[in-house]
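Novice: The structure that follows is given in the form of structure tokens.
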Amino acid sequence: MKRREFLAFTALAATWSRAQARDGRVLRAAPGRQHLVGAAHPDSAVWAYNGSVPGPVLRYRQGDRLRIAVENALPADTTVHFHGIRLPNAMDGVPNLTQAPIARNGGKFLYEFDLPDAGTYWYHPHLGSPEQVGRGLYGALAVEERDPPAVDRDLLWVLSDWRLDREAKSIEDFGRAMDASHAGRIGNTVTLNGTVQESFAVRAGERIRLRLVNASNARIYGLKFEGHAPWIIALDGHPVDPHQPPENRVVLGPAQRTDLILDCAGAKGSTHRVIDEFYGPRAYRLLDLRYSGEPAFARATPPVPRLAPNPVAHPDLAKAERHRVVFGGGMMGAMPSQREHRGMFWTVNGKPVHAEGHRDDPILDCRRGRSYLLELLNDTSWHHPIHLHGHVFRVLAVDGKPNPRVEWRDTVLLDPNSRAEIAFVADNPGDWMFHCHILEHQATGMMAVVRVG
Ligand code: C2O
Ligand code: CU
């Protein structure tokens, strides 16, 4: 496509997607089949939104109202949680806490709320999540800035992983105690936008905004773009001072998002690997960036765009109320005393919470409008991506080291036996989940409720 045609096409696609948004749309969750490993291999059984994994990319403009009717054609009850969106509590998609489950075989629910913040978000079920997300129910939600930065392409990479056998058939071993009590259910096959990809075509000189979403149940990614030095411009949807990550490695825990500016400065016809080396010796090639022979674009030159901040209230650190939250349990860590309590391996402040109930006495009863500073202590030998619903928080320090940037997140990745300090303004009333996003940990106790009165 010629450059001018390409731009016209992009503009048309954007207008079309905004028209869809206005009129509302339907997400239908149902069993389906998909070629996860490519057409040369057999397809696999999945659960999907609108017939594909990931589900449709929902694109809106900041300030738009999202209106989506969810239809449940699964053989299981479900809900949809729009992860990271600061929405009214009744739209949060948490079964039994904010809504009744959407009944299997035909139940419906209408989600409708405003989108106050630009950025990269995602959606997924919040009921039976280890299995439902593990089978493929998730999709990306991109909220465009009112004045988006100039890039040649704005792309989404939804990363996920699967347990497949040699025939690409999915191994349906959800909920194993062995996974739940250790690192969670990590798969043996990683897909990008729902399939294993050999290569990804780029053009010399182009500037790409790459929105990364980690939709895995448990896998953490540490991506290296060989021969490239991507800039991070947003984390969990929220703008951050553009910076290059330490060792050029982009780390994403489950549920986290990172927006990158990828300047394609390679030579025409060249090939560069993107590798995932989070688990050290088990590093693998995710795909190749393959430069086409087409004439070069010119956008890939500094400076890197800075995004306008979202309207998030800054916590008053001097007046903030301080609390400590301890995440415990797991094999090799301190055992929860309730271990006899069948299948519960993890605790928040010494107590496990049953996932399907979701209801519990809040661990924190917040006064609306007040600032809170939480010390999160990971008292286990495992990683935990800790997510708070309905709010975003500042990550002030990790392991006693002050964060050099103003970093807003909805999910913070705690390293084994580490701690982090986060702060937020409790400005969204309701009962909100506060849990580990390794879904097997969440389902076996690492979950709590934060109440904003
Ligand atoms: Cu991504 Cu409690 O959710
Ligand atoms: Cu965890």
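The values are calculated or read from the model by the stated rules, or taken from the named source; none is laboratory data. Everything numeric here is computed off the predicted structure, so don't read it as measured data. Heads up: the accessible areas ignore ligands, DNA and RNA and are worked out on the full protein's heavy atoms, side chains in. Shrake-Rupley method; radii C 1.70, N 1.55, O 1.52, S 1.80 Å.
Novice: Taking a probe of 1.4 angstrom, what is the accessible area of TYR123 in Å², to the nearest 10?
Specialist: Roll a 1.4 Å probe over it and TYR123 shows about 0 Å².
Novice: Got a sec? What order do ARG299, ARG65, ARG146, ARG185 fall in by accessible area at 1.4 Å, biggest, i.e. largest, first?
Specialist: Sorted descending by solvent-accessible area, the residues read ARG146, ARG65, ARG299, ARG185.
Novice: Related question: How far is the Cα center of the stretch 404-419 from the Cα center of the stretch 369-401, in Å?
Specialist: First find each Cα centre; the distance between them is then 6 Å.
Novice: I would also like to ask the following. Summarise the accessible area of the chain (1.4 Å probe, protein heavy atoms) by the percent that is carbon and sulfur.
Specialist: Roughly 52 percent of what the probe reaches on the chain is carbon or sulfur.
Novice: I would also like to ask the following. From the protein chains alone at 1.4 Å, what is the descending order of accessible area for ARG394, ARG285, largest first?
Specialist: Largest accessible area first, the list is ARG285, ARG394.
Novice: With the other protein chains left in place, how much accessible area per residue, in square angstrom, belongs to the chain at a 1.4 angstrom probe?
Specialist: It amounts to 40 Å² per residue over the chain.
Novice: According to the square roots a ≥ b ≥ c of the eigenvalues of the Cα gyration tensor, what is the shape class of the stretch 140-274, taking rounded for a/c under 1.5, prolate for a/b larger than b/c otherwise, and oblate for the remainder?
Specialist: Prolate, because a/c is 1.5 or more and a/b exceeds b/c.
Novice: Using a/c under 1.5 as the rounded threshold, could you call the stretch 365-441 rounded, prolate or oblate? The axes a ≥ b ≥ c are square roots of the C-alpha gyration tensor eigenvalues, and prolate needs a/b larger than b/c, oblate otherwise.
Specialist: Oblate, since a/c reaches 1.5 and b/c is not below a/b.
Novice: Taking amide hydrogens as modeled 1.01 Å from N in the peptide plane, which residues meet the under 5 Å criterion relative to GLY266, leaving out close sequence neighbours?
Specialist: The list, which skips near neighbours in sequence, is GLY205.
Novice: What accessible surface, in Å², does a 1.4 Å probe find on ASP64, ignoring ligands, DNA and RNA and rounding to the nearest 10?
Specialist: Accessible surface of ASP64 is approximately 40 Å².
Novice: Apply the Kirkwood formula to the stretch 28-105: the hydrodynamic radius equals the inverse of the mean of 1/r over all pairs of different alpha-carbon atoms; give it in Å with one decimal.
Specialist: Taking every pair of different Cα atoms in the stretch 28-105, averaging 1/r and inverting gives 14.4 Å.
Novice: Let me ask something additional. For the chain, just say rounded, prolate or oblate: build the C-alpha gyration tensor, square-root its eigenvalues into a ≥ b ≥ c, call rounded for a/c under 1.5, and beyond that prolate if a/b exceeds b/c, oblate if not.
Specialist: Rounded.
Novice: Using alpha carbon centroids, what distance separates the stretch 200-252 and the stretch 254-312, in Å?
Specialist: For the stretch 200-252 versus the stretch 254-312, the Cα centre distance is 6 Å.
Novice: Could you tell me how many degrees, from 0 to 90 and to the nearest 10, lie between the Cα long axis of helix 3-23 and the main elongation axis, the longest principal axis, of the Cα atoms of the chain?
Specialist: The angle comes out near 30 degrees.
Novice: List the relative contact order of the chain as a percent without decimals, with contacts defined as Cα pairs under 8 Å and 6+ residues apart.
Specialist: Computed value for the chain: 14 percent relative contact order.
Novice: Pairs of alpha-carbon atoms within less than 8 angstrom and 6+ residues apart define the contacts here; what relative contact order does the stretch 46-166 have, in percent?
Specialist: Value for the stretch 46-166: 34 percent.
Novice: While we're looking at this one, here's another question. Solvent-accessible area of HIS182, probe 1.4 Å, all protein chains present, reported in Å² to the nearest ten, please.
Specialist: Around 50 Å² of this residue is reachable by solvent.
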